[in-house]
Amino acid sequence: MQARIEELLDGYQRELGPRRGLSDLTVEAYIHEARSLLEYLAASVGLEPHDPLNLENLELADVRSWLARFQRAGQSRSTLARHGASIRTFCSWLYRSGYSGQDAAARLKSPRPDNELPHVLSQDQARHLLNYAHERAKANDPVKVRDWAAAELLYASGLRISELCSLDVASLGADSTVRVIGKGNKERIVPYGVPATRALMRYLDLRPGLIKSPTKALFLGVRGGRMNPRQMREVVHRLAAEAGVPDISPHDLRHSAATHLLEGGSDLRTVQEILGHSSLQTTQRYTHVSAERLRSAFSQSHPRA
C-alpha cells in the first residue's frame with residue numbers, strides 16, 4: 001500500500017499521542033526518527049519527499065542500512081540503541097497498519113550500550129559554574145536570570161532535560177519542591193535547595209518580560225514560547241564555556257547531581273527516587289563514578305599511593 005510521508009507520519013503521530021499517552025517531547029522524537037527513515041528510503045529509490053512511497057517490501061536490510069549511516073557518523077552505541085528502539089516501534093506500526101508486508105525491524109538487535117562512566121563535574125566546578133550564572137544574572141536581564149534559574153534547578157533536582165522543558169509554573173510547589181512527569185508518565189516530587197529557590201523566585205519576578213501570549217510554561221524563550229531541549233542544551237554549553245569549566249550537557253549536570261548526592265552521604269534508594277530511575281541498577285552506576293574520583297584523589301595526594 002502506497003502512502004506519502006506526511007500521511008504516514010500523521011497516522012503514526014495519532015497512534016503515539018492519544019493512544020499510548022506519550023509526552024509531546026517523546027512523540028516528537030519518535031516522529032523525527034520515523035521521518036529520517038522514510039526520507040532515506042524515498043531517496044534510495046529516487047523519490048521526492050512528497051511522492052507516494054511503497055513500503056510493502058520493507059525489510060530488515062533497509063533498516064540496517066539506515067542505521068549504518070549513524071554508525072559511520074561516529075554516534076555512540078547508546079545513541080544507536082535509541083535509534084533502533086524507536087524504529088522498531090515505527091516498523092511494528094507500519095506492519096500492523098497494513099503499510100508493509102512484514103515487521104521489518106522485529107529482529108533488529110540494538111548494540112550493547114556503552115559502559116563508559118558518566119561525565120561529571122567536580123563539586124568545585126559545579127559551584128563555579130552556578131556562581132558564574134548567578135553573577136551573569138545580576139544585570140537583571142530576564143534571559144540571563146532564566147539561564148541561572150534553569151542551571152540551578154537542573155543541578156539541584158537532577159531533572160532530565162525533557163522534564164525541565166516540560167515544567168509549568170504550577171509545577172513548582174510552595175515548599176521548594178517540583179512536580180515532575182517523567183518517563184512513562186510517572187509523576188514524582190523532587191526537592192531543591194535554597195540557591196535554586198532564590199534563582200527561581202527572581203526569574204518568576206522577571207518572567208512576564210518574556211511573555212508574548214498567555215502560557216503556562218515555566219522556562220520561556222526570547223519569542224515567548226516554551227523552551228525546547230535543543231535551546232536548553234545551548235544554554236548549558238554556553239554557560240560552561242563562559243565559566244571556564246569542562247564542556248557539559250544538561251544530562252551531565254544530572255549525572256553530577258547524582259554523584260554529588262552519593263558523595264554527600266545519600267543512599268541509593270533516595271537518589272533513585274530523585275532521578276526517577278525505574279531500576280536501582282541504573283542508579284548504581286553513580287557509585288562507580290564516586291569510586292573513580294576517590295581513587296584519583298588517593299593517587300594524587302596519598303604519600304603511599
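Taken together, the values in this text are just the output of simple stated rules run on the coordinates, not laboratory data. These numbers come from a predicted model, not from an experiment. Cβ placement follows ideal geometry from the backbone for every residue including glycine, while neighbour counts extend to all protein chains displayed.
When +1 charges are put on Lys and Arg Cβ atoms and -1 charges on Asp and Glu Cβ atoms, the dipole computed for the range 28-73 relative to its Cα centre reaches about 280 debye.
When the chain is fully extended, how far beyond the present Cα-Cα distance does A85 get from Q102, taking 0.36 nm per residue of separation?
Numbers: separation 17, 0.36 × 17 = 6.12 nm, distance 1.71 nm.
My answer for the length gained is 4.4 nm.
For the pair Q13 and D175, a Förster radius of 41 Å applied to the C-beta separation gives a FRET efficiency near 0.65, rounded to the nearest 0.05.
One equal scatterer on each Cα of the range 62-204, no solvent, Debye formula: the resulting log10 I(q)/I(0) at q = 0.09, 0.17 Å⁻¹ is -0.47, -0.97.
For the range 1-91, GluC sites (Glu not before Pro) are listed when DSSP marks them as loop and at most 16 other Cβ atoms sit within 10 Å of their Cβ; the list is E56, E59.
The alpha-carbon of K186 sits under 27 angstrom from the alpha-carbons of these lysines, leaving out residues fewer than 8 places away in its chain: K216. Between R127 and R233, the C-beta separation translates, for a Förster distance of 22 Å, into a calculated FRET efficiency of about 0.55. Inter-part distance, the range 1-74 to the range 123-191, computed on C-alpha centroids, equals 34 Å.
Can you tell me what the convex hull of the Cα atoms of the range 2-96 projects to on average, as an area in nm²?
Working: hull surface 24.7 nm².
Result: 6.2 nm².
For the peptides 179-188, 232-241, residues were scored by their other Cβ atoms within 10 Å and the scores averaged per peptide; the highest-first order is 232-241, 179-188.
Under a model in which nothing but the beta-carbon of Lys, Arg (+1) and Asp, Glu (-1) is charged, the range 2-96 shows a dipole of about 540 debye around its Cα centre.
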